[in-house]
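Peer 1: Take a look at the following structure, please.
What follows draws every value from the coordinates through simple rules; no lab data is involved. Values in this document were obtained by computation on a predicted structure and should not be read as measured data. Every residue, glycine as well, gets a Cβ built from its backbone with ideal geometry; the counts of neighbours run over all protein chains shown.
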Amino acid sequence: GYQSGISPLPCSQCNKLVKFRGLLDAAEDIGVSKVATGHYARVDMDPETKRYRLRRAVDPVKDQAYFLFELSQDQLSRVVFPLGNQTKA
């Protein structure tokens, strides 16, 4: 893929379809509405569109939003990234 100019990002698919789906399903099974992960990213609500936005972490060196870009609105509504507003100093 790389030599053809195609750069697959399997982590994004794994995050959306395996990791987050399983985590959120397990949380729902035990009555937990939101889960926190150790990813360096942020989520907020766009006041105009009322849609959740995945945002880059405050620390550009640690930012992991790129790997989470395929999360759905439902997934973004149910996840918290507490490290996204911190720097690793």
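Peer 1: With an 8 Å Cα cut-off and a minimum separation of 6 or more residues, compute the relative contact order for the range 24-86 in percent. Could the numbers behind the result be given before it?
Peer 2: Details: 112 pairs, mean separation 26.5, N = 63.
Contact order relative to length: 42 percent.
Peer 1: Put a dot 7 Å past each Cα toward the Cβ at M45 and I30; how far apart are the dots in nm?
Peer 2: Simple spin-label model gives 2.7 nm for this pair.
Peer 1: Right, next: Enumerate the lysines that K19 could reach by cross-link, defined here as Cα to Cα under 25 Å, with residues fewer than 8 away along the same chain left out.
Peer 2: Correct list for K19: K34, K62, K88.
Peer 1: Okay, moving on. What are the ³J(HN,Hα) values, in whole Hz, obtained from phi via the Karplus relation 6.51 cos²θ - 1.76 cosθ + 1.60 with θ = phi - 60°, for each residue of the range 76-81 in sequence order, with x given for Gly and Pro?
Peer 2: 4, 6, 10, 10, 10, 10
Peer 1: So what are the radius of gyration and Dmax for the Cα set of the range 24-89, in Å?
Peer 2: Rg, Dmax (Cα atoms, Å): 12.3, 37.
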